[in-house]
1. Considering segment B:186-208 alone, what residues qualify as being of a type outside the set (A, V, I, L, M, F, W, C), closer than 20 Å to residue B:55 by Cβ and more than 7 Å from every other protein chain (Cβ to nearest Cβ)?
2. Which of the residues belonging to segment B:192-208 are assigned to a strand (DSSP E or B) and either modelled with pLDDT under 95 or crowded, with 24+ Cβ neighbours inside 10 Å (or both)?
3. Would you check which residues across segment B:148-180 are facing chain A (nearest Cβ under 7 Å), in a loop (DSSP other than H, G, I, E, B) and modelled with pLDDT of 95 or more and list them?
4. Only one of A:347, A:400 is among the small types (Gly, Ala, Ser), modelled with pLDDT of 95 or more and out of contact with any helix residue (DSSP H, G or I) (no Cβ under 8 Å at 6 or more places or on another chain). Can you tell me which?
5. What number of residues in segment B:293-332 are within 21 Å of residue B:228 (Cα to Cα), in contact with a strand residue (DSSP E or B) (Cβ under 9 Å, 6 or more places away or on another chain) and surrounded by 14 or more Cβ atoms within 10 Å (Cβ to Cβ)?
6. With (1) more than 14 Å from chain A (Cβ to nearest Cβ); (2) touching a residue at least 24 places away in the same chain (Cβ under 8 Å) as the list, and residue B:22 as the residue in question, which single condition is left unmet?
7. Tell me which helices (runs of 4 or more DSSP H) are completely within segment B:209-301 and hold 3 or more residues being within 28 Å of residue B:330 (Cβ to Cβ), or say none if there are none.
Number of protein chains: 2
Amino acid sequence: MTADVVAQLVAELGDRVDVTDAARAAVRADKSGHAATGMPLAVVHARDVADVQTTLRIASATGTPVVPRGAGTGLAGGANTGLGEIALSLRAMDRILSVSSDDLVAVVEPGILNADLNAALAPHGLWWAPDPASRDISTVGGNIATGAGGLLCAKYGVVRDAVLGVDLVLADGRLLRLGHRTVKGVTGLDLTSLVIGSEGILGVVVGATLKLRRLVPGATRTLAATFADVRDAAAAASAVTAAGVQPAIMELMDAACLAAAHRLLELPAPTPGAAQLTVQTDGPAATVEAETIAAVLTAAGGNVRVAADDAEAEQLWTVRRSMHPAMETLGTTLIEDVSVPRSALPAMFDEIARIEAAYGLPIPTVCHAGDGNLHPNFIFDGPDVPEVVWEAAEDLFRSALRLGGTLTGEHGVGVLKRRWLADELGDDQWRLQREIARVFDPAGILNPGKVFAP
Amino acid sequence: MTADVVAQLVAELGDRVDVTDAARAAVRADKSGHAATGMPLAVVHARDVADVQTTLRIASATGTPVVPRGAGTGLAGGANTGLGEIALSLRAMDRILSVSSDDLVAVVEPGILNADLNAALAPHGLWWAPDPASRDISTVGGNIATGAGGLLCAKYGVVRDAVLGVDLVLADGRLLRLGHRTVKGVTGLDLTSLVIGSEGILGVVVGATLKLRRLVPGATRTLAATFADVRDAAAAASAVTAAGVQPAIMELMDAACLAAAHRLLELPAPTPGAAQLTVQTDGPAATVEAETIAAVLTAAGGNVRVAADDAEAEQLWTVRRSMHPAMETLGTTLIEDVSVPRSALPAMFDEIARIEAAYGLPIPTVCHAGDGNLHPNFIFDGPDVPEVVWEAAEDLFRSALRLGGTLTGEHGVGVLKRRWLADELGDDQWRLQREIARVFDPAGILNPGKVFAP
């Protein structure tokens, strides 16, 4: 039977089907550091919509699970492909089909990298706002499938705000065109939004109509402020939001993150315990806003440094950008992704300190403080997540929920958070969501075991 | 059986159940001018979530259709309640439960009027951006149920962009809390977005967590420009968008609308054939943007007048706001609601002119030119829509779809557009959408016959 599936794929798709060990091993994991059990059957590199439809028709006919995949940069295991499954890569479908500067709309294939799209839009004076930290290496289709966030979300929105329509191939191979090309449109149910963040369980995104923005005119301004501890820094970030200024980016690094980044970059060690906020303003009022924010941060006890020029700004952002490599120097990491209302940031950092003490674990945390999205990094030795880390993570999730927050702000549920999904949704909603998924995919061949625990 | 349903409602809900002829007659219609056939069983004025749950439990047990209703200001017949149905009014549930200025979030009951909410938010320096023309008389719950648009959408977004979560009572009376309170959140499927614009067929919205904005600082600027004909005005509006300036509001009135409004207001008659654009800019750059737009409109052949002060601006907006009463002086109206990509506006006005000639009908049209949403008004005598008007409307819908547009930008499908829904969605998607609705409401008691033709 298994041989039969692969034979059918090869017969219809030829060299787009890769059955080498190397290719099959590569799709077992994403960037979460976690891998699926066993080897997948094959990797299909789709070149057009028809390839996707053919793959799904064969999969449906044979009851074979299919895992859609972009660049494999996910952090929740959503694209991990295991024993008996087909990995369906959209990465080679990377064309920009049209850009309308007049309508602020682009139509693209899903495999284009976010950064490549934005490089192509820039000469038109346009950009697509979603900016996950992975934007240089992640695809637009993956951004849509995970409902990716990023650094600019508080000011410029999330993926849901930036997609007008998607083309979706269902499990049985039928193609649906969802959404519209217009600013407004309320014809029927909003299935476009339902697909955004659905992590491959409803269908395979084979095209997208994106809502663009004009490039923000003028230079950006950057400032950094250090605080005695992370709670002060979090309170200062909340004060910025409460003051009514809107930074483009506002990032928080706790003491452990800041120290690790400084070590990695061979910079002088920061004051022990000190946490840092790094802020960018943009647009015509960038300078005025930077001054206002500097005043708020100073009043909140911060030691503020406004970058005098682009070089100094770049230096400040380099510290923030070195976070992931800096964490890797500490051990194996499990990156979490809770989000809380912005006013709850100080309380959430109190919870993290409590959990560090209770479980005896370091949890260096970086935070998109402008929108309340935290990435606590659990650090441990060896390849497998120790049970104590899962226990601490569960405590963390429950703390975030108690504070009015959510399990995942931008990474998605995948396999790593599925066991807590019902805690947030409630059992009734959990079942309803699974029934909705079954309408799209009655046989359950699309990304089985992801999002909803089996 | 029927008597039994009403008796059960009265037994459990007492004076919240209104069975007077006047009350039952009033809920047969919305503001579309169309009414349901026959008299409903009763009107339930829910005062809290438990009332809504009780009503739906009784309705489910007895298989009685329920039509949720806000203020009844819809324009597609979506809240019209007829023979054998219960109207479930949320209008009395009009409390603001919390406002968080720090988090830019408000939690409200669905029956509060949009304008009342904004009046209450203003002292906090906040507002909720959705601004349907009906905002003084329409409810937030109705705005959510229809996915309402408005005048400010191109700059400040539609309802979908301004709602973080909804509380939903299902057909069987269970309460679900959908969405989140945080800027980011991708836990499971985005059912909040699915409910927005679902017109009461998935459940009854009994609460909403709204995403607020800070009030835009500074004074607004207003200008008006007249053009030789509507095509020139539409081309000029497209030129404004293409020039990269973002007006807060940009409204277009064709010659018939402009003339009718001037007659109603007893202003001097405009130049025959002349169409008008009225534009508002806001924010710190309001004056500069108004000047840029004035230059674009002048270059496009417009005769531009920039309002010198608020009084003059108010005069210009009075002309636009008198549109609905002005249309009523011409006869009975069927207000349509197509939307097209902004660059297609001139072509859509060509289509309207063609349809006017082909069917011998006047179709005065007003248009949210900033976002491409047109409201062609079909004018006729007497209470019933003549068949020729439906034929012309169908021609209009197909023209909008051909131009990359949509059947309804902001009014919804209701009963008036349901026969064309499958034309836009395609049969596969139409069936999929109906199956999704059945997951929420297996017996089909919620607003039956709306959105999906029976």
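1. The initial filter retains those residues of segment B:186-208 that are of a type outside the set (A, V, I, L, M, F, W, C), namely B:187-188, B:190, B:192-193, B:197-200, B:203, B:207.
This time we only want the ones that are closer than 20 Å to residue B:55 by Cβ, so: B:198-200, B:203, B:207.
Passing the criteria: B:199, B:200, B:203, B:207.
2. If the condition is that a residue be assigned to a strand (DSSP E or B) and either modelled with pLDDT under 95 or crowded, with 24+ Cβ neighbours inside 10 Å (or both), then B:204, B:205, B:206, B:208 are the ones that fit.
3. Answer for segment B:148-180, where residues must be facing chain A (nearest Cβ under 7 Å), in a loop (DSSP other than H, G, I, E, B) and modelled with pLDDT of 95 or more: just B:174.
4. The match here is A:347.
5. Residues meeting the conditions: 16.
6. (2)
7. Of the helices (runs of 4 or more DSSP H) lying wholly inside segment B:209-301, those with at least 3 residues that are within 28 Å of residue B:330 (Cβ to Cβ) span B:230-242, B:255-265.
Results for (1) surrounded by fewer than 24 Cβ atoms within 10 Å (Cβ to Cβ); (2) touching a residue at least 40 places away in the same chain (Cβ under 8 Å); (3) over 20 Å from residue A:410 (Cα atoms), shown as yes or no for each residue.
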residue: A:100; (1), (2), (3): yes, no, yes
residue: A:110; (1), (2), (3): no, yes, no
residue: A:116; (1), (2), (3): yes, no, yes
residue: A:122; (1), (2), (3): yes, yes, yes
residue: A:131; (1), (2), (3): yes, no, no
residue: A:139; (1), (2), (3): no, yes, no
residue: A:149; (1), (2), (3): no, yes, no
residue: A:159; (1), (2), (3): no, no, no
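The values are calculated or read from the model by the stated rules, or taken from the named source; none is laboratory data. Quick caveat: nothing in here was measured; it's all calculated off a predicted structure. With ideal geometry, Cβ positions are generated from the backbone for all residues, glycine too; neighbour counts draw on all protein chains shown.
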